[in-house]
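Please read the structure below before turning to the comments.
The values are calculated or read from the model by the stated rules, or taken from the named source; none is laboratory data. Fair warning: this is a prediction, and the values are worked out from it, not measured in the lab. No Cβ is skipped: glycine too gets one built from the backbone with ideal geometry, and neighbour counts run over all protein chains shown. Remember, those area values only see protein heavy atoms, side chains included, never the ligands or the DNA or RNA. Shrake-Rupley method; radii C 1.70, N 1.55, O 1.52, S 1.80 Å.
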Amino acid sequence: MSTAPLHTAPVHPAPVQTVWWQLHPLTFLGAEPRALPADAPCAHRLGRLEPWLDYLVELGCDGLALGPVFASSTHGYDTVDHFRVDPRLGTDEDFDRLVAACRQRGVKLLLDGVFNHVSRDFGPFRDVRAHGAASAYASWFRIDWSVDGPDGFGYADFEGHRHLVALDHAEPAVQDHVRRVMDHWLRRGAHGWRLDAAYAVPSSFWRDVIGPVRADHPDAWFLGEVIHGDYTAAVSDGGLDSVTQYELWKALWSSLNDHNFFELAWTLDRHNGLAALFQPLTFVGNHDVTRMASRLDDPRHLAHALAVLFTVAGTPSVYAGDEQAFRGVKYEREDGDAEIRPAFPDSPSGLAPHGRPVYRLHQNLIGLRRRHPWLVRARTEVLHLDNQAFAYRAVDPESGARLAVLLNISDSPVDFPSVDASAERLLAGAPYDDAADAGPTHRVAPHAWAVLELPSSGDLRAH
């Protein structure tokens, strides 16, 4: 992956200091697995998110990243109507009340836009099924009229899922539709968009759509879901503000499980290059992957992953339940997301108490990040590296402020003599040898970690 910018124009800045709390609303709120019958009353579930807004603020977050809320056939990623709230969640009025509740608490709202594909029940595609090539919407989809399929024609889909019909992103009417959808919900109070499967859409489409929308909503934020490929090109060519940092997510659990911190050190060096150009969306979990508490071979190392997440550059996101050490495995089968997308209780008071220690850990690490706001642009420098012990310095490239992060996943204590002896301990997990603080080394107990404040090196901008 090249980290060289393809364009010299500055990228629109991400929301400064935002820490997102992400949830998948249909499953979080226990909605029916399939769309309601046309004559069924709306289920006003969105209002049940309000108690969780106080919870996410208490956690230290200030952004709510919602999965799909628009009318869909099943799981939300098979949209039927981009302009209508899914009746399983509520109405426009329920959405407006949620926006007002977010604003009262200073919480930003990010919506999930599924613009690569739609449901077979999407209105324009239903029209094509009914009228064939004579449909006014025939150009909206990549259709092969020579194929004699069940519909009388063939069409491009999303990764082999026939119920997800791919849009034709070269069609001006599709571009106009997506622009109108984005504008509509931004005017109703959203702060930005997560763009689902952004990697499957031509960058030129995002650029042509986002440019006019940003002209009317200059503070809107656009996040692309990009799993692999050239992250920098996705941002610079597509006019996005950020992309999902899957490389860091993979390096975290892989390094911890394999006892190979060299992979993490290598990935953090690549992360430095990305962070010099934009703020990547960093995470240890989301609605599409096995939860970190289940992914890690040793549960003691969950804290190590979190310590890295909250001390490196970018815009962190916490997937609902991860802050309570929820477990859940993603399976490649029908309903394979069930474990990682459970229903939540009506309010935080219904959560089991055993998740509280990990919740407190999140609070402490997010609090540390709030007290060191320069971490959004930090650069990391290796201080110590071997298979089972890793120390890096997080440095503010502007002020010279510095933190040190010490990670030990071995069965023995580890000394870190390369860390400044005058460093002050800020946070630590498991027993930490306080007596070592005054000596020439810092000692971290087996399977423990620590974050230290280092003396500032002064303004680094001229270096």
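Before moving on, here are some points about what is shown:
- Of all residues in the stretch 198-215, those satisfying the criterion of being over 15 Å from LEU111 (Cβ atoms) and either under 20 Å from the mean Cα position of the chain (by Cα) or basic (Lys, Arg) (or both) are TYR199, ALA200, VAL201, SER203, TRP206, ARG207, ARG214.
- Count of the stretch 207-237 residues, restricted to those that are in contact with a strand residue (DSSP E or B) (Cβ under 8 Å, 6 or more places away or on another chain) and within 25 Å of TRP249 (Cα to Cα), is 10.
- Among the residues listed as SER399, SER347, SER422, the single one being among the hydroxyl-bearing types (Ser, Thr, Tyr) and free of Cβ contacts under 8 Å to residues at least 60 places away in the same chain: SER422
- Consider the stretch 123-166 and keep the residues that are in a loop (DSSP other than H, G, I, E, B) and polar (S, T, N, Q). The one that is nearest to PHE83 (Cα to Cα) is SER135.
- Any hit, the stretch 35-46, residues being closer than 24 Å to ALA166 by Cα, buried (at least 19 other Cβ atoms within 10 Å of the Cβ) and within 21 Å of the chain's Cα centre (by Cα): no
- Members of the stretch 373-396 found to be farther than 20 Å from GLN17 by Cβ and in contact (Cβ under 8 Å) with a residue 40 or more places away in the chain, listed by number: VAL382, LEU385, ASP386, ASN387, GLN388, ALA389, PHE390, TYR392, ARG393
- Any chance HIS161 is on the phi < 0 side of the Ramachandran plot, within 22 Å of the chain's Cα centre (by Cα) and open to solvent by 60 Å² or more (accessible area, probe 1.4 Å): no
- Any chance THR311 is modelled with pLDDT of 95 or more, open to solvent by less than 10 Å² (accessible area, probe 1.4 Å), in a loop (DSSP other than H, G, I, E, B) and polar (S, T, N, Q): yes
- Of all residues in the stretch 115-147 being of a type in the set (Ser, Thr, Tyr) and open to solvent by 70 Å² or more (accessible area, probe 1.4 Å), the one that is modelled with the highest pLDDT: TYR137
- Hey, PHE115 among the hydrophobic types (A, V, I, L, M, F, W, C), part of a helix (DSSP H, G or I) and touching a residue at least 60 places away in the same chain (Cβ under 8 Å) or not: no
- Residue in the stretch 332-348 that is surrounded by 15 or more Cβ atoms within 10 Å (Cβ to Cβ) and not in a loop (DSSP other than H, G, I, E, B) present: yes
- Filter result (part of a helix (DSSP H, G or I) and of a type outside the set (Ser, Thr, Tyr)) within the stretch 51-92: PRO51, TRP52, LEU53, ASP54, LEU56, VAL57, GLU58, LEU59, ASP92
- Filter result for GLY285 (touching a helix residue (DSSP H, G or I) at 6+ places or on another chain (Cβ under 8 Å), open to solvent by 30 Å² or more (accessible area, probe 1.4 Å), small (Gly, Ala, Ser) and not in a helix (DSSP H, G or I)): no
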